[in-house]
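Please read the structure below before turning to the comments.
The values are calculated or read from the model by the stated rules, or taken from the named source; none is laboratory data. Model, not experiment: these values are computed from the prediction. Please note: Cβ atoms are built from the backbone with ideal geometry, for glycine as well, and neighbour counts cover all protein chains shown. Ligands, DNA and RNA are stripped out before the accessible areas are found, and what is left, the full protein with its side chains, is counted by its heavy atoms. Shrake-Rupley method; radii C 1.70, N 1.55, O 1.52, S 1.80 Å.
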Amino acid sequence: MDQETLSGRIEQETSEQEQIRREKLAQMQAAGMDPFAHTTFPKTHLSKQIVERYEELAEKTVSIAGRIMSRRIMGKASFVHILDEEGLIQLYVRRDDVGEDVYKLFKTLDIGDIIGVTGFVFKTKTEEVSVHAQSLEVLAKSLIPLPEKYHGLKDTDLRYRQRYVDLIMNQDVRKVFVTRAKIVSSMRNFLDSKGFMEVETPILQTTAGGAAARPFITHHNTLDIDMYLRIATELHLKRLIVGGFEKVYEIGRIFRNEGMDPKHNPEFTTIELYQAYTDVNGIMDLTEELVVNAAKVARGEDNLSVQFGDQTINLNPPYARVKMVDIVKEKTGVDFLSLTDEQARAEAKRLKIEDVKDNFTRGQCLYAAFEEFVEDTLIQPTFVLDYPVEVSPLAKRSQEDKAITERFELFVCGRELANAFSELNDPLDQYERFMAQAKARAEGDDEAHMMDNDFVMALSYGMPPTGGMGMGIDRLCMLLTEQNSIRDVLLFPTMKPLKDGNAGNDINAKAEETITYDGKAEPEKIDFSKVEIEPLFKDYVDFDTFSKSDFRAVKVLACEAVPKSKKLLKFTLDDGTGEERIILSGIHQYYEPEELVGKTCIAIVNLPPRPMMGIDSCGMLISAVHSEEGEEKLHLLMVDDHIPAGAKLY
């Protein structure tokens, strides 16, 4: 049986199961037992409480509710396991106890149905803590079958899209989100105990500031102005320091209109905190204490060793503290801050650092070298200190060296976890830095800071010396729950909509796009009148030379943005050999990584490995390129998914 026939049969069987369940619901409603008529059920205990407190609850009456996950239906008595928010517990249901009509109804129930039971606690002959049902109510009917028990919900994309099913079927996933809630709660409790006040600042803003990032833009109809979803909470929190609140923090959603990969989601959660009359050193101590406290709450006092990928991370304090210029010199042999701007650019180019522009200063070259050679090597918790002023527009300059700022970032597993500095409180200096950022923005840097005159005005009233810190809560949760993708710690990560999913909710959808296809529609007409192509090569290539290029079909197993690159995507490919192949391709401006996973593409697989951004690219993916009205267009060559990985092209 081929895959298409098998898929069709599975679809048909699922549809039949759904129809049977709907018929059962109709029968229940006709008999006056509508499960959806219930509004409450008087639960007294959860499953875990009953199991852990068996000695206390034995022979006592309890009321419990949950979803049927397994069942053994027998003649006059049956066993089922139900799932509530704390786990599974077995129920013993007997006809003579619940009544003949209820037992008859019970025998027709399906996996996934939700029931409520009142009965007494006992142990079976196999010593399993159970509840002997004396009454039973059906509280909700499941009209769609759950995934098969032993395989669960394994499709990663489907798990993210249907998190509700994922939470039912995968108990480890539940634990991750329970732990996440504990982590967030621990941070609140910790800061509250230190005298901080939690506040809320606007999500809709007229100026997107506080970070170097591309914002989402929306429009306020009544005011008839464009507004931005916030990219940081920083500037409003510092306004509160000006206003006299000396310790403030906010835990909230941030929105950045950028790419998606295992470390980035367009909306994510951060904590930002600000404390008057302290500096970057005081904030560094506070940050270390905050992380350690969260780790202890999430993992236990004696379990601060985290396995992250193939690395073992020790979260016990103290954490290493190094200056950026020193660690870059250690890795490259170059002391960038001792050079002129011209010398620094020459050294950066000698080190083959990508994207070094002709106007880069020594500070920008230092930061580029740090990203290229150092960042990925910082596995154990490390505070990196003293960032160049060019990349720190909101931080106070060092009194010892005006070229650097009093700033740190905390790195773990080669990833930034926290960013902090002694806050710039000189309004004149702040204005000049905003002007420099505005100039960069006007020259095409859409991630440069916007001018915020109101913030400069706030500083002009006087802000006390202040230390501030921002931390990505999602990344901290990834670390403490040992998850490799940010999507595994977000209940509902951003996903590209399916073509048939929520189509009617697309405000830009045209009416004709939702018309059901009746077999009579004409093929789409494509306008090629403005297309420009490169001239065909005039030089011939002999057949022997051409035949040495090995073109193969490859399946995209995974795709992610390459850190520190705006162009490159990293493809993990199945080329039919049984070993994964890595190819890098500079097509990020045309595609988001997630939309390419599962596609079948064409690649040349016998090219020598080519180092790109520290990664060996083993081959080349084939794309079709043309121009329209002076703009380059690109389409990655994707072929029929029936073509197997490794199939050779002739």
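Each row is one residue, and each column tells you yes or no for (1) touching a strand residue (DSSP E or B) at 6+ places or on another chain (Cβ under 9 Å); (2) closer than 30 Å to G414 by Cβ.
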site: K548; (1), (2): no, no
site: F551; (1), (2): yes, no
site: K564; (1), (2): no, yes
site: F571; (1), (2): yes, yes
site: Q589; (1), (2): yes, yes
site: A624; (1), (2): yes, no
site: H635; (1), (2): yes, no
site: G646; (1), (2): yes, no
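In region 171-183, which residue that is among the aliphatic types (A, V, I, L, M) and surrounded by 17 or more Cβ atoms within 10 Å (Cβ to Cβ) is nearest to Y160 (Cα to Cα)? Before you say what the answer is, go through the steps one by one.
Of the residues in region 171-183, the ones among the aliphatic types (A, V, I, L, M) are 173, 176, 178, 181, 183.
With surrounded by 17 or more Cβ atoms within 10 Å (Cβ to Cβ) added as a condition, the list becomes 173, 176, 183.
Numbers: V173: 11, V176: 14, I183: 22 Å.
Checked region 171-183; the qualifying residue nearest to Y160 (Cα to Cα) is V173.
Residue by residue, here is whether (1) at negative phi; (2) touching a Pro at 6+ places or on another chain (Cβ under 6 Å); (3) open to solvent by 30 Å² or more (accessible area, probe 1.4 Å); (4) in contact (Cβ under 8 Å) with a residue 60 or more places away in the chain holds:
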residue: L91; (1), (2), (3), (4): yes, no, no, no
residue: D97; (1), (2), (3), (4): yes, no, yes, no
residue: D101; (1), (2), (3), (4): yes, no, yes, no
residue: F106; (1), (2), (3), (4): yes, no, no, no
residue: I111; (1), (2), (3), (4): yes, no, yes, no
residue: V121; (1), (2), (3), (4): yes, no, no, yes
residue: T124; (1), (2), (3), (4): yes, no, no, no
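Answer with yes or no whether K60 is within 14 Å of S130 (Cα to Cα), touching a residue at least 24 places away in the same chain (Cβ under 8 Å) and surrounded by fewer than 19 Cβ atoms within 10 Å (Cβ to Cβ).
Here the answer is yes, as K60 does meet what is asked.
Conditions first: (1) open to solvent by 30 Å² or more (accessible area, probe 1.4 Å); (2) closer than 24 Å to D113 by Cβ. E198 passes all but one, so which condition is the exception?
Only one criterion in (1) open to solvent by 30 Å² or more (accessible area, probe 1.4 Å); (2) closer than 24 Å to D113 by Cβ is unmet by E198, namely (2).
Do the conditions hold for S142, that is, is it part of a strand (DSSP E or B), modelled with pLDDT of 95 or more and either touching a Gly at 6+ places or on another chain (Cβ under 9 Å) or surrounded by 17 or more Cβ atoms within 10 Å (Cβ to Cβ) (or both)? Full working, then the answer.
On the way: part of a strand (DSSP E or B): no; modelled with pLDDT of 95 or more: yes; either touching a Gly at 6+ places or on another chain (Cβ under 9 Å) or surrounded by 17 or more Cβ atoms within 10 Å (Cβ to Cβ) (or both): yes.
Here the answer is no, as S142 does not meet what is asked.
Give region 221-247 a look and list any residue that's open to solvent by 30 Å² or more (accessible area, probe 1.4 Å), more than 15 Å from V199 (Cβ to Cβ) and assigned to a strand (DSSP E or B), or say none.
Step one: list which residues in region 221-247 are open to solvent by 30 Å² or more (accessible area, probe 1.4 Å), which gives 221-226, 228-229, 236, 239-240, 242-247.
Subsequent filtering for residues that are more than 15 Å from V199 (Cβ to Cβ) retains 221-226, 228-229.
Those that are open to solvent by 30 Å² or more (accessible area, probe 1.4 Å), more than 15 Å from V199 (Cβ to Cβ) and assigned to a strand (DSSP E or B): I225, D226, Y228, L229.
Within region 253-264, which residues are within 27 Å of E406 (Cα to Cα) and either open to solvent by less than 30 Å² (accessible area, probe 1.4 Å) or part of a strand (DSSP E or B) (or both)?
Correct list: R253, I254, F255, H264.
Among the listed residues L191, L158, which satisfies the condition of being open to solvent by less than 20 Å² (accessible area, probe 1.4 Å) and part of a helix (DSSP H, G or I)?
Selected residue: L191, the only one of L191, L158 that is open to solvent by less than 20 Å² (accessible area, probe 1.4 Å) and part of a helix (DSSP H, G or I).
Taking the condition of being assigned to a loop (DSSP other than H, G, I, E, B) and touching a residue at least 24 places away in the same chain (Cβ under 8 Å), how many residues in region 270-313 meet it?
Qualifying residue count, region 270-313: 4.
Under 7 Å between Cβ atoms, which residue pairs at least 6 apart in sequence (or on different chains) link something in region 585-611 that is in contact (Cβ under 8 Å) with a residue 24 or more places away in the chain and surrounded by 15 or more Cβ atoms within 10 Å (Cβ to Cβ) with a partner that is among the acidic types (D, E) and part of a strand (DSSP E or B)?
That search, which allows pairs on different chains as well, returns P593/D261; P593/E560.
Could you pull out the residue among E250, E267 that is open to solvent by 20 Å² or more (accessible area, probe 1.4 Å) and touching a residue at least 40 places away in the same chain (Cβ under 8 Å)? Break it down stepwise before answering.
On the way: E250 fails: open to solvent by 20 Å² or more (accessible area, probe 1.4 Å).
Sole residue among the options that is open to solvent by 20 Å² or more (accessible area, probe 1.4 Å) and touching a residue at least 40 places away in the same chain (Cβ under 8 Å): E267.
For region 341-394, what are the residues that are open to solvent by less than 30 Å² (accessible area, probe 1.4 Å), farther than 20 Å from E447 by Cα and part of a loop (DSSP other than H, G, I, E, B)?
Scanning region 341-394 gives I353, V374, L378, P381.
Pick out, from region 409-492, the helices (runs of 4 or more DSSP H) lying fully within it that include 1 or more residues that are under 23 Å from the mean Cα position of the chain (by Cα) and within 25 Å of Y274 (Cβ to Cβ).
On the way: elements: 427-442, 453-460, 473-481.
It comes to 473-481.
Within region 464-474, count every residue that is out of contact with any Gly (no Cβ under 8 Å at 6 or more places or on another chain) and either open to solvent by less than 10 Å² (accessible area, probe 1.4 Å) or at pLDDT below 95 (or both).
So the count comes out to 6.
Checking A212 against (1) open to solvent by 50 Å² or more (accessible area, probe 1.4 Å); (2) in contact with a Ser or Thr (Cβ under 8 Å, 6 or more places away or on another chain); (3) among the hydrophobic types (A, V, I, L, M, F, W, C): exactly one of these is not met. Which one?
Evaluating A212 over (1) open to solvent by 50 Å² or more (accessible area, probe 1.4 Å); (2) in contact with a Ser or Thr (Cβ under 8 Å, 6 or more places away or on another chain); (3) among the hydrophobic types (A, V, I, L, M, F, W, C) leaves (2) as the failure.
Based on what the data block shows, is R214 part of a loop (DSSP other than H, G, I, E, B), among the basic types (K, R) and touching a residue at least 40 places away in the same chain (Cβ under 8 Å)? Lay out the reasoning, then the answer.
Details: part of a loop (DSSP other than H, G, I, E, B): yes; among the basic types (K, R): yes; touching a residue at least 40 places away in the same chain (Cβ under 8 Å): yes.
Criteria met by R214.
For residues that are of a type in the set (D, E, K, R) and more than 19 Å from P266 (Cα to Cα), scanning just region 181-218, find the one that is nearest to the chain's Cα centre (by Cα).
Looking at residues that are of a type in the set (D, E, K, R) and more than 19 Å from P266 (Cα to Cα), I get K182.
Say we look at region 290-340 and pick out the residues that are of a type in the set (D, E) and modelled with pLDDT of 95 or more; which of these is least open to solvent (accessible area, probe 1.4 Å)? Step through it out loud before you land on a result.
Just the residues of region 290-340 that are of a type in the set (D, E), to begin with: 301-302, 310, 326, 330, 335.
From what's left, modelled with pLDDT of 95 or more: 326, 330, 335.
Working: D326: 88, E330: 140, D335: 53 Å².
Checked region 290-340; the qualifying residue least open to solvent (accessible area, probe 1.4 Å) is D335.
Any residue in region 419-433 that is open to solvent by less than 40 Å² (accessible area, probe 1.4 Å), modelled with pLDDT under 95 and small (G, A, S)?
Taking every residue of region 419-433 in turn, none turns out to be open to solvent by less than 40 Å² (accessible area, probe 1.4 Å), modelled with pLDDT under 95 and small (G, A, S).
Looking at this structure, is L410 more than 15 Å from F383 (Cα to Cα) and at pLDDT 90 or above?
no
Any chance region 455-463 includes a residue that's open to solvent by 70 Å² or more (accessible area, probe 1.4 Å), modelled with pLDDT under 95 and farther than 28 Å from A320 by Cα?
no
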